[in-house]
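The values are calculated or read from the model by the stated rules, or taken from the named source; none is laboratory data. In this text the structure is predicted, and so the values were computed from the model without any measurement. Glycine gets a Cβ as well: all are built from the backbone with ideal geometry, and neighbour counts include every protein chain shown.
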Amino acid sequence: TEKIYELGAQKAIQFDLSKTELIHFSKSALAKSAVLALPDGSIIQPKQVVRWLGIWFNCSLNFKEHANIRCSQARAAFFRMARLANSGRGLSPTSLR
């Protein structure tokens, strides 16, 4: 890891250590428990699910967590829209258009 930070310093790249996450794509229990020591002395524990570029990855790379999270977000958006379209307490029909 120190080599990465040295290369980053040479190329004027800064890393935000507070956003550093660790996930192991392995079935080995030993690999899943391995930690990462950063140059500033902090220890990063591995996570089961990590978000990268808007996609949620889990250690088995089967995208179940990503599908579950996206479905729950879509469901929540649908219910918010349904509340707005409620004929009793929602927006008027002209406002809905």
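Summary table
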{"read-out": "Leading residue by the ranking (modelled with the highest pLDDT) among those in region 7-46 that are among the charged types (D, E, K, R) and surrounded by 10 or more Cβ atoms within 10 Å (Cβ to Cβ)", "value": "Glu21"}
{"read-out": "Helices (runs of 4 or more DSSP H) contained entirely in region 24-97, each with at least 2 residues that are farther than 30 Å from Glu6 by Cα, not assigned by TED's automatic domain parsing to the domain that holds Glu2 and not hydrophobic (A, V, I, L, M, F, W, C)", "value": "64-84, 93-96"}
{"read-out": "Hey, Leu96 within 30 Å of Leu17 (Cα to Cα) and at pLDDT below 90 or not", "value": "no"}
{"read-out": "Members of region 47-69 found to be surrounded by 13 or more Cβ atoms within 10 Å (Cβ to Cβ), modelled with pLDDT of 85 or more and out of contact with any helix residue (DSSP H, G or I) (no Cβ under 6 Å at 6 or more places or on another chain), listed by number", "value": "Lys47, Val50, Arg51, Phe57, Phe63, Glu65, His66, Ile69"}
{"read-out": "Some residue of region 12-22 being part of a loop (DSSP other than H, G, I, E, B), aromatic (Phe, Trp, Tyr) and free of Cβ contacts under 8 Å to residues at least 60 places away in the same chain", "value": "yes"}
